[in-house]
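Below: the structure, in structure tokens.
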Amino acid sequence: MRPRRFLPAGPLKGRIRVPGDKSISHRSIMLGALAVGETRVTGLLEGEDVLATAAAMRAMGASVERLESGEWVINGVGVGALLQPETPLDMGNSGTSTRLLMGLVASHPITATFTGDASLSKRPMGRVIDPLSSMGASFEASEGGTLPLILKGASPAVPITYRLPVASAQVKSAILLAGLNTPGITTVIEPVPTRDHSERMLRGFGAELTVETDANGARVISIRGEAELKPQTIEVPGDPSSAAFFIVAALVVPGSEVLIENVGLNPTRAGIVEVLRLMGGSIEEVNPREVGGEPVADLLVRHSALKGIDVDPAVVPSMVDEFPALFVAASLAEGITTTTGLDELRIKESDRISVMAAALTAAGAAVRETEDGLVITGTGGQPLPGSDAAIATHLDHRIAMSMAIAGIASRSGVEVDDTRPIATSFPVFEAMLDELAA
């Protein structure tokens with residue numbers, strides 16, 4: 001373990017550029033590996049999760065290489081031409097890699113074994129196994145539908161129409177990726193909109209994909225199978241989930257002013273920005289533009305007096321990964337912040353509702369846990385007292401980074417029990433935080 005005590009900092013000042021969007025990075029490699037020809041990617045997130053995706057695509061026949069310039073070059077094998085991996089696919093801590101790659105493999109005539117670390121091996125895969133089984137894939141999973149599991153793809157797979165029982169971009173994406181090599185039309189009905197990177201990028205690579213809205217307001221997404229994908233040149237925007245920690249840090253540390261460059265502001269992902277603005281946060285969009293079909297801007301964030309609010313559960317899909325950071329902002333706001341509809345957070349890398357409740361309570365915040373969220377009474381802008389004992393992060397990168405921000409906004413500091421998991425999504429987080437506080 002690599003513990004660290006995050007101590008109160010002076011004002012955060014400067015400009016930073018957070019690593020590339022994790023969702024777009026994963027999909028760039030997967031779709032590039034299924035296109036025939038050379039896909040080039042700049043700004044790719046080089047965290048452990050994305051590198052696990054790259055290693056898996058290499059194991060199934062694609063060439064995925066990083067140039068000295070930092071650009072990535074992917075030479076794909078074509079839809080339907082994935083090779084049988086010779087060894088198990090080690091997904092590390094990446095739920096996204098696992099669920100999306102299960103979709104890819106499900107419609108190819110290959111068998112793959114998926115393994116992961118202790119944290120990932122506790123996470124349920126049933127919500128992906130069910131629809132992919134309907135398409136003809138077969139599974140031998142561990143108890144509870146967890147890793148390790150063996151997936152035998154179907155050839156040809158059977159197109160399905162599947163209504164998502166729970167809002168999940170990963171499940172939606174797994175089905176659409178399986179549909180790429182499935183004859184006919186595969187359809188996903190999405191009652192609650194989730195991040196739409198898969199739809200945007202599949203279209204960008206040349207797949208025939210339509211999105212309509214039915215009479216009940218649900219999104220109906222259809223993809224025509226046996227697609228021929230064309231290689232692309234991709235510039236990955238900055239990850240809003242990574243930017244969220246620095247947005248919150250600049251808002252809660254007095255005197256701070258930070259410019260975060262090149263942040264992806266896809267409306268299905270940018271809920272955290274809108275919620276923090278509703279709380280009174282000063283977050284200004286500078287130089288808004290579009291890069292590769294994705295809205296992007298630089299965010300100028302200044303220290304603000306935040307006020308507690310009732311967070312509309314309708315925004316949950318657009319900021320599901322950012323709630324740990326929001327909880328820290330709420331603990332330093334004036335008044336009460338109430339969050340509901342967060343059931344999904346209980347099956348992330350950790351149970352993020354319970355773990356953040358315990359962590360913030362240990363740091364001196366007033367937190368009450370409910371069945372599907374937290375009720376937080378803020379300090380009114382006063383620093384959190386801090387913690388003496390190390391905070392248990394449960395191998396969860398977002399817990400570790402959130403509590404680091406709590407530490408710099410405290411009186412006596414907050415000790416995080418293990419900073420190693422941060423490398424799964426944001427390897428330079430600590431260095432960037434130290435630089436702004438210098």
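Each reported figure results from applying straightforward, stated rules to the coordinates on display, with no laboratory input. These figures come from a predicted structure and were not determined experimentally. No Cβ is skipped: glycine too gets one built from the backbone with ideal geometry, and neighbour counts run over all protein chains shown.
Calculated translational diffusion coefficient of the chain (37 °C, 0.692 mPa s; Stokes-Einstein with Kirkwood radius over alpha-carbon pairs) equals 150 µm²/s. Only Lys, Arg, Asp and Glu carry charge here, each on its Cβ (+1 for the first two, -1 for the last two); on that basis segment 296-438 has a dipole of about 320 debye about its Cα centre.
Suppose we take every Cα in segment 379-438 and form the convex hull; what volume per residue is that in Å³?
Working: hull volume 5.2 nm³, N = 60.
Hull volume normalised by residue count: 87 Å³.
How large is the Rg to Rh ratio of segment 339-403 when both quantities use alpha carbon positions and Rh follows Kirkwood?
Values: Rg = 11.7 Å, Rh = 12.2 Å.
Result for segment 339-403 is an Rg/Rh of 0.96.
Mind checking which helices in the chain clear 20 Å along their axis (Cα) and have mean Kyte-Doolittle hydropathy of -0.5 or more, DSSP H runs only?
In the chain, no H run is both long and hydrophobic enough.
Extending 7 Å from Cα along the Cβ direction at E257 and again at E38 yields two label points whose distance is 4.5 nm.
The C-alpha radius of gyration of segment 1-158, expressed as a fraction of 2.2 N^0.38 Å, stands at 1.17. Sort out the exposed loop GluC sites (Glu not before Pro) in the chain (DSSP loop, at most 15 other Cβ within 10 Å) and tell me the longest stretch that has none. Longest site-free region, per DSSP loop and neighbour criteria: 229-370. Round to the nearest 0.05 the FRET efficiency obtained for K152 and T370 when R0 = 56 Å and r is the Cβ-Cβ distance. Efficiency computed from Cβ-Cβ geometry: 0.85.
Once the C-beta distance of S133 and M1 is scaled by a Förster radius of 45 Å, the resulting FRET efficiency is 0.70 to the nearest 0.05.
Where Rh is the Kirkwood radius over the Cα pairs of segment 245-319, the temperature 20 °C and the viscosity 1.002 mPa s, what D in µm²/s does Stokes-Einstein return?
Details: Rh = 12.8 Å.
For the chosen part, D equals 167 µm²/s.
Using only Cα coordinates, the Kirkwood hydrodynamic radius of segment 146-298 works out to 17.8 Å.
Spin-label model, D434/D310: points 7 Å from Cα along the beta carbon direction are separated by 4.5 nm.
Dipole magnitude for segment 11-55: computed about the Cα centre from +1 point charges on Lys and Arg Cβ and -1 point charges on Asp and Glu Cβ, it is near 320 debye. The dipole here belongs to the chain: it is taken about the Cα centre, uses +1 on the Cβ of Lys and Arg and -1 on the Cβ of Asp and Glu, and is about 60 debye.
Legend: calculated FRET efficiency, E140 to R420, from the Cβ-Cβ distance at R0 = 22 Å, rounded to 0.05, equals 0.10.
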